[in-house]
Amino acid sequence: MRSSLQVLDRVEVVFDDDNAVGNGGLVLPMSLAGRLGVRELVDELVDLGDAPGRANVGLKTMGLIASALAGGDSIDDADVLRSGRSQTAIGAWMPAPSTLGTFLRSFSWAHARQLDAVAGRLLARAWAAGGGPGDSPLIIDVDSTVCEVYGAKKQGARYGYTKTTPPRWRLIAIPGHVTRSARRTTMHLARDWPWRQAFLVALRAVRDLEVCLT
């Protein structure tokens, strides 16, 4: 019987598909961001003065959001979304990591108030569009702290951040394939993907949103 190593050694691996998309599910949250006008709000409310990263602040912010949603925890990770046609799932050009780094270094502490204003306007828009709790209770945790614990007996220790898979990964980390035909772009996802219906329902809900951009 051949060992698994011998079998794997016979597998040829090539990276030659210019249409591959590794995070096709980003089309869902980025569609929501577009409906809420994230990019336009940042362009309106964030002013970096004469700092080197002052141009296209809305576009760069969208790139950072997309990278974070795809699991990026450093600037270099944003480069993943520049491969193949991954930018199709974002709906815009994805800035290079160096560009995003310059952008972030252009912020000072005073710009936190500008970002607060963006967050406040976005929350109001999302709430008005139906993103509120409705008749259900709303709980806001104003101090969600992540800290080390020692020993499994501490309350909550067994359900830490490394023990669960964030639900958003189900809707974002989806291998996809992009095709273009007659000016129509189609993102092909796995036929038997278990969260297919949930994704379609969420996407339909996002595209049906009527948001007042004020």
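The values are calculated or read from the model by the stated rules, or taken from the named source; none is laboratory data. No experiment lies behind these values; they were computed from the predicted model shown. Cβ coordinates were reconstructed from backbone atoms using ideal geometry, including for glycine residues, and neighbour counts include every protein chain displayed. Areas reflect the complete protein model, heavy atoms only, side chains present, ligands, DNA and RNA absent. Shrake-Rupley method; radii C 1.70, N 1.55, O 1.52, S 1.80 Å.
Points worth noting:
- Test: Arg170 is assigned to a helix (DSSP H, G or I), at pLDDT below 80 and within 28 Å of Val38 (Cα to Cα): yes
- The criterion of at least 3 residues that are within 17 Å of Leu171 (Cα to Cα) and open to solvent by 40 Å² or more (accessible area, probe 1.4 Å) is met by the following helices (runs of 4 or more DSSP H) wholly inside the stretch 1-105: 57-69.
- The lone exception for Ala110 - which of (1) open to solvent by less than 60 Å² (accessible area, probe 1.4 Å); (2) out of contact with any Leu (no Cβ under 6 Å at 6 or more places or on another chain); (3) more than 30 Å from Arg204 (Cβ to Cβ); (4) not polar (S, T, N, Q) it fails: (1)
- In the stretch 181-201, the residues that are in contact with a helix residue (DSSP H, G or I) (Cβ under 9 Å, 6 or more places away or on another chain), open to solvent by 50 Å² or more (accessible area, probe 1.4 Å) and free of Cβ contacts under 8 Å to residues at least 40 places away in the same chain: His188, Ala190, Pro194, Trp195, Ala198
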